[in-house]
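Some notes on the structure that comes next.
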Amino acid sequence: MVDSGVEVPSEVGDSLSLDAKGVDAPRPGLTKLETLFHGPIDIRSVALTGLFVLACLYTLSVAQAVFIPIVAALILNTLLSPLVRAVGRFRCPEPISAFLVLGTLVGILAAGAYLLVDPASEWVAKAPSALQTVERKAADVKRSLKRMTQATAALEKMADFDKTGSSRQVEVKGPSIGVTVIQLTKEFLATVVTTLILVYFLLAGGDFFLEKLVKVLPTLSDKKRAVDIVRQIERSVSHYLSSVTLINTGVGLAVGVAMAALGMPNPVLWGTAAAFLHFVPYVGSLTGLVMITLVAALTFDELGWVVVTGVTYQAISAMEALVVTPMVLGRNLTLNPVVILMSLLFWGWLWGVPGALLAVPLLASLKIVFDHVEPLQPVGEFLGR
């Protein structure tokens, strides 16, 4: 707010915080937030702040191979720390407790990956021919849509030129699917190994960093607030991740059973894929719907069964999103759906799929921090429902 030089009487300012009955309605942090914008705006300061933000975004994008494992390790540390402390109650040293907890988690994930790697590899290998098969099956549907827009008709004529020989076929060759998959697998494994190493050292160190933070802070109130914020983040993120994991496991089981009942091949694979995709709100369920519909188009000859398969998957996703998740997380982790979508778009744009997976835990952690810092409490209120 630019200072206009006109003073506002304190009585008027106080009246703004009165409700309909004339009773004071305190708004924590509003006064401090107002003083933050009070006074003339320095254009140079705004410009420097903008350049600093752009520099931070550029650094996060370029060095994502460094930042993604660090952020993922911090989130997993908050999830697994209660388990490590529970094991430590049996007089087990923290390094051994961390090794047992992390080793058990890695063992479960490795066993599941070993069981699913063969069917997943088969579907990846036949993906090009599968897309051609889907296109051939969709030819009947295309024939029924004769009245299309002029642009679509022009595109169809251009696609038919190679059949009449009236134009030369230009083919642009890029990296094969196999090479792309190998490259992505190498990057994924490198990120996973780095994250696991960082998680182990964080878990083995216990409250080492928290103790250092408490020693650095000057006052006793700041020390208590720091400990409170860290514990709140740990409990909330741990509750969120554990609850979402259980919910998505239920979604995966429901999808697997439904796909098996409908006669879909590899129902365990599609159930597992649905469980992992639902870790990304909104976008994950849409991706799963497209995937299941394509597989159904390859499996069934009749269009009706393809529609039934897609509707079944969407019904399970809607039940999870509209009924189960609000019941479990509604009172404990309330986030604004619009802010969730914006966070998914931002982190997905910045870091891709890993960013989309980390978006909601990061948002929940920021909300807890804002709720505990008085000048930022209005921002925390905006992030909630």
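With θ set to phi - 60° and the Karplus curve 6.51 cos²θ - 1.76 cosθ + 1.60, what are the ³J(HN,Hα) couplings of the range 183-194 in order, to the nearest whole Hz, using x for Gly and Pro?
Values, residue by residue: 5, 5, 5, 4, 5, 5, 5, 4, 5, 5, 4, 4 Hz.
Please report the projected area of the range 238-385's Cα convex hull averaged over all directions, in nm². Don't jump to the answer; show the numbers that get you there.
Values: hull surface 36.7 nm².
Hull-based average projected area comes out at 9.2 nm².
Sorted by accessible area with a 1.4 angstrom probe, largest first, how do GLU187, GLU374, GLU234 fall?
Output order, biggest surface exposure first: GLU187, GLU374, GLU234.
Rounded to the nearest 20 Debye, what is the dipole magnitude of the range 208-292 about its Cα centre when Lys and Arg each give +1 and Asp and Glu each give -1 at the C-beta?
Result for the range 208-292 is approximately 380 debye, rounded to the nearest 20.
How about the range 65-120: which trypsin sites (Lys or Arg not before Pro) there are in a DSSP loop, with at most 12 other Cβ atoms within 10 Å of their Cβ?
ARG89, ARG91
Please name which of HIS278, THR299, HIS372 has its Cα lying farthest along the dipole of the range 266-385 towards the positive end, using unit charges on Cβ (Lys, Arg +1; Asp, Glu -1) and the Cα centre as origin.
Sorting the options by dipole projection puts first HIS372.
Given 0.36 nm per residue, what is the gain on full extension from SER45 to VAL311 after removing their alpha carbon distance, in nm?
That works out to 90.4 nm of additional length.
Distance in nm between label sites at LEU57 and LEU322, each 7 Å beyond Cα in the beta-carbon direction?
Roughly 3.6 nm, to one decimal.
Using only Cα atoms, figure out Rg for the range 180-220 and give it as a multiple of 2.2 N^0.38 Å. Spell out each step's value before the answer.
On the way: Rg = 17.0 Å, N = 41, 2.2 N^0.38 = 9.0 Å.
The range 180-220 yields a ratio of 1.89.
Across bins of 10 angstrom width beginning at 0, how are the C-alpha pair distances of the range 173-270 distributed, in whole percent?
Calculated P(r), rounded to whole percents: 12, 19, 27, 22, 13, 7, 1.
For the range 242-385, what is the accessible area per residue in Å² when the probe is 1.4 Å? Please list the in-between numbers first.
Working: 7140 Å² over 144 residues.
With the other protein chains kept in place, the range 242-385 gives 50 Å² per residue.
Can you compute the modelled spin-label distance between PHE208 and VAL257, with each label point 7 Å from Cα toward Cβ, in nm?
Spacing of the two 7 Å Cα→Cβ label points: 4.6 nm.
Could you estimate the translational diffusion coefficient of the range 298-385 from the Stokes-Einstein equation, with Rh from the Kirkwood formula over C-alpha pairs, at 10 °C and 1.306 mPa s, in whole µm²/s?
103 µm²/s
Report the chymotrypsin sites (Phe, Trp or Tyr not before Pro) located in the range 63-120 that are in a DSSP loop and have at most 14 other Cβ atoms inside 10 Å of their Cβ, or state none. All intermediate terms of the calculation are to be shown ahead of the outcome.
Details: sites: PHE67, PHE90, PHE99, TYR114; in loops: PHE90.
Passing sites in the range 63-120 are PHE90.
The values are calculated or read from the model by the stated rules, or taken from the named source; none is laboratory data. No experiment lies behind these values; they were computed from the predicted model shown. Using ideal geometry, Cβ is built from the backbone for each residue, glycine included, and neighbour counts are taken over all protein chains shown. For the accessible areas, the whole protein counts, side chains as well, though only heavy atoms, and no ligand, DNA or RNA atoms are used. Shrake-Rupley method; radii C 1.70, N 1.55, O 1.52, S 1.80 Å.
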